[in-house]
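*Asks:* Quick one: the structure is below, questions incoming.
We did not get these values from a lab; they are worked out from the coordinates using the rules stated. As the structure is a prediction and not an experimental result, all values here were calculated from the model.
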Amino acid sequence: MEHLHAPWRIEYILAPKGPLEGGVSVFRTIAESADDVANLVIARGRQCFALLNRHPYNGGHLMVLPYRQVSGLDELTDDEMLELMQCARRCMAALKQTMKPDGFNVGFNLGKVAGAGIVEHLHLHIVPRWNGDTNFMPVLAGTTVLPQALEEVAARLREALSASSGAGTA
């Protein structure tokens with residue numbers, strides 16, 4: 001029997017899932033950090049930013065979110081909503097350029113019952129998909145195989161986003 005290892009998943013599995021410390025989400029902590037490389041942040045705008053999902057469903061899985069910690073679309077300002085979608089469009093273009101997916105799953109999980117892992121901070125998931133990318137691993141083992149290290153994907157996306165509009169801004 002062969003073993004496949006996905007060591008980045010154990011951090012998520014073992015992490016506490018209780019109430020937020022001081023009411024601050026991990027996303028807000030990342031938003032306020034200057035260490036974009038360590039946090040897998042690939043783009044920053046005035047009101048929103050994008051980062052790779054540290055616990056991805058698929059290679060290139062990223063998220064776009066406002067700096068402001070809100071839990072629902074109705075809490076976003078019109079400017080935040082516009083920039084969120086513009087950043088999503090730019091990130092999808094960068095994914096097309098660097099990873100050449102055949103399509104995307106794009107969406108929000110709003111509320112715990114809808115699958116939101118971090119309910120307190122709205123985030124838009126962008127998951128690149130390829131023809132034939134669903135294989136026996138997710139079906140039988142509940143496991144995905146990522147062909148490239150997260151840090152390498154983040155660096156390539158940062159480069160593509162920077163080239164498309166200077167300094168990596170959203």
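*Asks:* Quick query: amide H of residue 47 versus all other amide H atoms, modeled in the peptide plane; which residues come in under 5 Å with a sequence gap of 5 or more or a different chain?
*Replies:* HN-HN under 5 Å from residue 47: empty list.
*Asks:* Right, something else. How big is the Kirkwood radius of the stretch 22-165, worked out from every pair of different alpha carbons and given in Å to one decimal?
*Replies:* 15.6
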